[in-house]
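Only one structure is covered here, and it is reproduced in the block below.
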Amino acid sequence: MRKARQIAQDRSRELGAASAQLATAQSRLDVMAAAVERLVEAYNGELVRLKQADQTYAQARARLAGADAEVERARQAVALLAAEGYGGLGLMTPVVSMLVDQGDREGVLRRASLLAQLRGEQTAILDRMRDTQEVAAILRTQAANAYAAHRVFSERVALAKAVAEQAVARQRLETAKLQARTVVLQRRVDAARSRAELLARQRAASTRNLVTGGSAMGDVAANWALTQLGKPYVWAAAGPDTYDCSGLVMRAWEKVGVQLDHWTGTQWTSGPHVPMDQLRRGDLLFFGYVSSDPGTIHHVGIYVGNGQMVHAPQTGDVVRVASIWRGDLVGATRPR
């Protein structure tokens, strides 16, 4: 009896020590994954901003091209005016002749009016030339500014990509070490547990009832995301064979015609925020901490029911189902 009690006590101590070490290792993995996800989502955000800069620059170039065409038309009108006036009075000559040849007062007044009209048309042509040049100059400045902004965002994308690549490389090495340690610790924990405890844990891990109510669109998005289970996580990827967290979300809601950016920053504002007790399938769950900077949100998943979400977790992992109840859960959004 004494021996049995001693075995039980030893097993309990072993379980406690191994469980504490396992929790520490998992905590390190979680902290590392969150840091890397922030960098990856920062890169995704810079890509979104670069796309917006691309559009702004293209629009500015199109407006400038139209203005330059207008300047060319005005220039041609001025050139014609100059050609007609070359070598003397030009347009004025016939009028002057009429004024000289005709002596009646009424005819002179009519012809004087015609002369004033022609001068007015000449002035209008020159004014139009000046106006089109001024507009073109303004649009050329705007296009130059848009190009400069585009270059800035291009450089920021390159920098964000390099930083993310370095962080992911470090994460791969550290994760491999910690995961190997975690396997050893998990075996110690399992060995220290009773057979019944082990079976209960395995049963709980494998049993998930994902059937809950949701909107038609949310159901379609959630169901599609579940078809991607097992596909590898790759940072900045958006399918069809690999995903990161916001890439999986973007493709899932794309299936129901809702266009989201590939970035948690704008996905967070893609629809009304939903209280945790009113979640429906397809709702987006965000992790990080809330501030005025959307870059502080570093992870997103898709609610599939019963406190579970489908998500692309981190480098070295695959698309899978997990509990939504994490310490960094900050809220939910229902896209529209």
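Bear in mind that the values in this text are calculations on the coordinates, not laboratory data. As the structure is a computational prediction, the values presented were derived from the model and not from experiment. Neighbour counts run over all protein chains shown; Cβ positions are idealised from the backbone, glycine included.
Overview of values
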item	result
Residues satisfying the stated conditions in the range 312-336, i.e. in contact (Cβ under 8 Å) with a residue 24 or more places away in the chain, of a type outside the set (Gly, Ala, Ser) and in a loop (DSSP other than H, G, I, E, B)	PRO313, GLN314, THR315, ASP317, VAL319, ILE324, ARG326, ASP328, ARG334, PRO335, ARG336
Top-ranked residue of the range 241-258 - restricted to ones that are within 20 Å of GLY316 (Cβ to Cβ) and part of a loop (DSSP other than H, G, I, E, B), ranked as nearest to the chain's Cα centre (by Cα)	ASP244
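So that you can scan it fast, the table gives a plain yes or no per residue for (1) crowded, with 20+ Cβ neighbours inside 10 Å; (2) of a type outside the set (S, T, N, Q); (3) more than 30 Å from GLN171 (Cβ to Cβ):
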residue	(1), (2), (3)
ALA34	no, yes, no
ARG38	no, yes, no
ASN44	yes, no, no
ALA58	no, yes, yes
ALA65	no, yes, yes
VAL78	no, yes, yes
